[in-house]
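Take a look at the structure set out below.
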Amino acid sequence: MLPSLWEAVAGTREVEWGVRRADGKLEFTPEMARCWAWKDELPARRLAVVGKHFGRWAAIAAPRVVPALYSLTGRAGRPDDFRAAELAALQSDIAEAVLEAGPSTPAELRALVSAEKKHVDAAVVALQRAFVLTNAHLVQQKAGWGAIAVELVARHWPPGALPAADEAERTLARCILASSGEVSAADLGGALGWRVKRSRAVLDELAGRGEARARLDNGVTLYSLSDS
């Protein structure tokens with residue numbers, strides 16, 4: 001229910017990613033070529049936060065929400081603050097490797113921590129979900145597709161002053177309401193990776209503060225931003 005980069009580029013949710021050339025080979029449509037490039041260029045140019053930060057899917061977030069997202073980690077906002085988080089051993093090793101080496105591709109991480117691809121890939125996803133690592137830029141390879149280098153969130157996107165956790169939750173909920181129009185608690189939870197109970201509590205608080213309005217639709221409460 002959130003807008004996607006593809007939708008912003010193509011103007012539709014219908015995905016047409018390839019066309020067949022005269023020689024029979026497939027190539028990206030102009031819209032997909034642009035979308036494919038921008039997903040890597042946006043974080044490299046520090047125009048958007050990109051990574052699997054809310055689940056096992058790639059999300060794009062505005063830089064202005066970084067302080068709110070970081071606040072909810074409970075960490076201090078320093079590049080080395082992951083040391084205070086509850087990380088698995090390999091996750092901690094990878095974070096330490098990036099802290100020391102800087103932005104690193106999956107192949108570089110495998111060499112740095114001496115671990116198998118599937119284990120490193122899974123650990124990187126977990127670290128992105130924990131808002132420790134984020135996509136930094138594309139590194140061209142000698143053959144095949146380029147590889148994404150990941151960097152510590154707090155170094156690529158210094159969060160500065162962090163809001164209180166309750167205000168951070170309200171900020172993120174307002175962003176979802178502003179971009180999606182009308183959502184249920186389940187919609188908000190799906191967008192941010194929250195449990196429905198938590199989402200409903202935040203939305204009800206916004207409604208109680210007059211910042212959102214709620215209505216019932218076939219037994220489901222839907223929320224939207226207040227006009228005021």
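The values are calculated or read from the model by the stated rules, or taken from the named source; none is laboratory data. Keep in mind it's a predicted model, so treat the numbers as computed, not measured. Here the Cβ positions follow ideal geometry from the backbone for every residue, glycine too, while neighbour counts run over all protein chains shown.
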>> Condition first: out of contact with any strand residue (DSSP E or B) (no Cβ under 8 Å at 6 or more places or on another chain) and either under 20 Å from residue 124 (Cβ atoms) or in contact (Cβ under 8 Å) with a residue 40 or more places away in the chain (or both). Now tell me which residues in segment 46-64 satisfy that.
In response: 46, 54, 55, 56, 57
> Can residue 125 be described as at pLDDT 95 or above, under 19 Å from the mean Cα position of the chain (by Cα), surrounded by 21 or more Cβ atoms within 10 Å (Cβ to Cβ) and farther than 21 Å from residue 3 by Cβ?
Replying inline: no
> What pairs come up if the first residue lies in segment 103-118 and is in the same structural domain as residue 153 (by TED's automatic domain parsing), the second is charged (D, E, K, R) and surrounded by 13 or more Cβ atoms within 10 Å (Cβ to Cβ), and their beta carbons are under 7 Å apart, counting only those six or more places apart or on different chains?
Replying inline: 103/151; 106/121; 113/93; 117/110
> Quick one: which of 215, 174, 209, 200 is outside the structural domain of residue 63 (by TED's automatic domain parsing), at negative phi, in contact with a helix residue (DSSP H, G or I) (Cβ under 6 Å, 6 or more places away or on another chain) and of a type in the set (Lys, Arg)?
Replying inline: 200
> Is it true that residue 131 is in contact (Cβ under 8 Å) with a residue 60 or more places away in the chain, assigned to a helix (DSSP H, G or I) and touching a helix residue (DSSP H, G or I) at 6+ places or on another chain (Cβ under 6 Å)?
Replying inline: no
> Hey, which of the helices (runs of 4 or more DSSP H) in segment 1-97, taking only ones fully inside, have at least 2 residues that are surrounded by fewer than 17 Cβ atoms within 10 Å (Cβ to Cβ)?
Replying inline: 5-10, 30-44
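Of all residues in segment 138-155, count the ones that are surrounded by fewer than 18 Cβ atoms within 10 Å (Cβ to Cβ) and either assigned to a strand (DSSP E or B) or free of Cβ contacts under 8 Å to residues at least 12 places away in the same chain (or both).
The total comes to 8.
Matching residues to (1) under 19 Å from the mean Cα position of the chain (by Cα); (2) on the phi < 0 side of the Ramachandran plot; (3) of a type in the set (Asp, Glu):
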{"site": "9", "(1), (2), (3)": "yes, yes, no"}
{"site": "12", "(1), (2), (3)": "no, yes, no"}
{"site": "23", "(1), (2), (3)": "no, yes, yes"}
{"site": "35", "(1), (2), (3)": "yes, yes, no"}
{"site": "40", "(1), (2), (3)": "yes, yes, yes"}
{"site": "43", "(1), (2), (3)": "yes, yes, no"}
{"site": "47", "(1), (2), (3)": "yes, yes, no"}
{"site": "55", "(1), (2), (3)": "yes, no, no"}
{"site": "88", "(1), (2), (3)": "no, yes, no"}
> If you take the residues in segment 135-174 that are among the basic types (Lys, Arg) and more than 15 Å from residue 102 (Cβ to Cβ), which one is modelled with the lowest pLDDT?
Replying inline: 142
>> So for segment 189-202 (the condition being exposed (fewer than 14 other Cβ atoms within 10 Å of the Cβ), farther than 13 Å from residue 169 by Cβ and small (Gly, Ala, Ser)), does at least one residue qualify?
In response: no
